[in-house]
Each structure stands twice: as C-alpha cells, then as structure tokens.
Amino acid sequence: MDDTRLPGSLVCVGIGMTLGSHLGPLARSYIEQSDVVFAGVSDGVVELWLQRMHKDVRSLQPYYREGKSRMQTYRQMVEAILTEVRAGKKVCGVFYGHPGVFAWAPHKSIAVARSEGYAAHMEPGISAEDCLYADLGIDPGTYGCQHYEASQLLFYQRRIDPTAYLVLWQVGMVGDQSLARFSTGPAYKQVLVDVLARDYPLDHEVIIYRTPTLPIQQARIVRVALGDLPRVEIDMADTVVIPPAHPLQVDHEMRARLAALDRDTSDTV
Ligand SMILES: C[S@@+](CC[C@H](N)C(=O)[O-])C[C@H]1O[C@@H](n2cnc3c(N)ncnc32)[C@H](O)[C@@H]1O
C-alpha cells in the first residue's frame, strides 16, 4: 500500500445481473467492509437485498429524472461518491452487471479519485453481455462480436462487419440526442433499421434479449425480422443481438503469404 495516499478510498464493484446469483465473494466483502455504499442497481428489490449487507446504502436512483440530461445525473453521482472519499471514508460503489460496461459514472469516479491522490479501483461483475452468451448459446470467438451503443450507429459513421455478431446496447432510447429521455418511439427505431439495412437484409433475424434481474423471472428472448424491429416493444433493459448475415470470406492473399512463410521456415530448420 502506498502510504503517501490520502485516507479515503473507492472501489466500484459489480453485483451481476441477477439478484443473489452473480455476486462474488470479493465484491461482497468490499460491500460489507466499506464505510459507505452507493447503489446504482437495476431494481428496488436489489437495493433492499444490499441493505441487508450494509447499514448505510445510499441509492443513486433518485438522481435520474426524465427530462434531465443523463450527463448531469452522472456528474452528480460522481460528486456524491467523491464527497465521501474526500471525507476520508472507505467508499464502495455498487453497480448492476459489470461496473465498467456501458457505465460512465464508475469509470469517472475512479479516475477523479486517483487524480486527487486516493486509492481507487474496479472489481468486475457479470454483465448483460456474459448472460447473453450463456442464454443465447453464442461464443464470441466463433465469428467475432461487435458491441455498440445503438445511438452511436446513428450519430457517427461506423463500419459494421456483418460476418460477425453485432450487439446493440440501449436500443430502447436509440437516437435520443438530448440524453434526457428514457425511451424513444418507433420512428427512432426506424432510423436505426435504415442504418442497419445498409449491411443486413430486412428479413434478417434479430434477437431482443433481456436477462432476469430477479431469480423468479425468465430471460426475455424475442426473435423478429430486422424490418419489424420498430413495431416491437424494446425497453431500457433490452439488448439487441444481430447474428452474422454472411459467411466469413477467405483472405487468399494472406493465406498464400502465410503458406510461403511456412515453406521458408521449414527450409531453414
Ligand atoms: C447503462 S447500460 C449498463 C450495462 C451493465 N453495466 C452491464 O454490465 O450489463 C444499460 C444497457 O445494458 C443492457 N441491459 C441492462 N439490463 C439488461 C438486462 N436485464 N438484460 C439484457 N440487457 C440489459 C441494455 O442494453 C441497457 O440498455
């Protein structure tokens, strides 16, 4: 331990997606041993469960408000967390899933704490990504797997590889330039479909996926044609998975080059 560091500290831990099933022993011990716990979790029931592990659990949920920019919300969360670190407390930020996956406030809190001389780090958790590999039977190593925040495909010119899986996050609020809405309607999803139609046929099957946050729930797995996506209910907790639309293309030039290398190396041994 670096003893030039200031007394406060921060750890951001992930509690996974499903209450009770995904919390690891290390994250649990950080929760139990901290002075203050901040909770950015998916469900009020999950917050109640956390309160059984620590007597001072402060919800980050009240910072969210429809019509208020999420960037302002996230900055307020960072400030609330840092105030306690600066007061010399051992602070634990608890976030659902993995605290570093599509999550701005934990990364920022750690960066600010470190820049001010405090010990700060992240402990990984089981994210929605991990759950979808299990529930949908996908191995990202088979064809490769791209992950995008859905609005990025609309705001920026991105290159999609339709021979790999494509996972789209935050489709429920796709196209929201204000960062202040909790959902956007079919017209916004139609813009997403129009962008995706540059690389995929409209009858290509896409999967809307939601992993359970409570152990009594089942995963939501809905398969629809890409062209029908705007008419399907997609909420804030849904992730959209698009399987490959084309087979992998052999790169004959590189294979020939590698074969030549193999011949050269076998000549020299
Ligand atoms: C702000 S990100 C948080 C992700 C989270 N940190 C994780 O590790 O999975 C929110 C997005 O995660 C995905 N997500 C959240 N809850 C989910 C669930 N229960 N099932 C599937 N995807 C989920 C959705 O794409 C949602 O728009």
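The values are calculated or read from the model by the stated rules, or taken from the named source; none is laboratory data. Every value quoted in this text rests on a predicted model; they were computed, and no experiment measured them. Note that we place each Cβ from the backbone using ideal geometry, even for glycine, and neighbour counts take in every protein chain shown.
Of the residues examined, Val241 is not one that is within 16 Å of the ligand (Cβ to nearest atom), over 21 Å from the mean Cα position of the chain (by Cα) and surrounded by 12 or more Cβ atoms within 10 Å (Cβ to Cβ). Filtering region 102-123 down to residues that are under 30 Å from Pro7 (Cβ atoms) and near the ligand (Cβ under 9 Å from one of its atoms), which residue is surrounded by the most Cβ atoms within 10 Å (Cβ to Cβ)? Taking the candidates together, the pick is Pro106.
Could you list all residues from region 215-227 that are in contact (Cβ under 8 Å) with a residue 24 or more places away in the chain and more than 14 Å from the ligand (Cβ to nearest atom)? Within region 215-227, Leu226, Gly227 qualify.
Just one of the listed residues (Pro212, Pro230) is more than 16 Å from the ligand (Cβ to nearest atom) and either modelled with pLDDT of 95 or more or not assigned by TED's automatic domain parsing to the domain that holds His22 (or both), and it is Pro230.
The single condition among (1) loosely packed, with under 12 Cβ neighbours inside 10 Å; (2) under 19 Å from Asp135 (Cβ atoms) that His252 does not satisfy is (2).
Among the residues making up region 74-101, those that are among the aliphatic types (A, V, I, L, M), within 13 Å of the ligand (Cβ to nearest atom) and more than 20 Å from Ser29 (Cβ to Cβ) are Met77, Val101. Does region 183-228 hold any residues that are among the β-branched types (Val, Ile, Thr) and part of a loop (DSSP other than H, G, I, E, B), and which are they? Across region 183-228, the qualifying residues are Thr184, Thr211, Thr213, Ile216. Checked against the criteria, Arg5 counts as in contact with a Gly (Cβ under 9 Å, 6 or more places away or on another chain), charged (D, E, K, R), in a loop (DSSP other than H, G, I, E, B) and at pLDDT below 95.
Ile221 meets all of the listed conditions (1) touching a strand residue (DSSP E or B) at 6+ places or on another chain (Cβ under 8 Å); (2) crowded, with 18+ Cβ neighbours inside 10 Å but one, namely (2).
Listed by position, the helices (runs of 4 or more DSSP H) contained in region 85-162 that have at least 1 residues being assigned by TED's automatic domain parsing to the domain that holds Trp49 and among the basic types (Lys, Arg) are 104-115. Within this structure, Tyr143 fails the test of being within 30 Å of Gln33 (Cα to Cα), surrounded by fewer than 21 Cβ atoms within 10 Å (Cβ to Cβ), in contact (Cβ under 8 Å) with a residue 40 or more places away in the chain and more than 16 Å from the ligand (Cβ to nearest atom). Do you know which of the residues in region 22-45 that are within 16 Å of the ligand (Cβ to nearest atom) and more than 19 Å from Val101 (Cα to Cα) is surrounded by the fewest Cβ atoms within 10 Å (Cβ to Cβ)? Per the stated criteria, the residue is Gly44. The set of residues in region 65-101 being of a type in the set (S, T, N, Q), touching a residue at least 12 places away in the same chain (Cβ under 8 Å) and over 24 Å from Leu6 (Cα atoms) consists of Ser69 alone.
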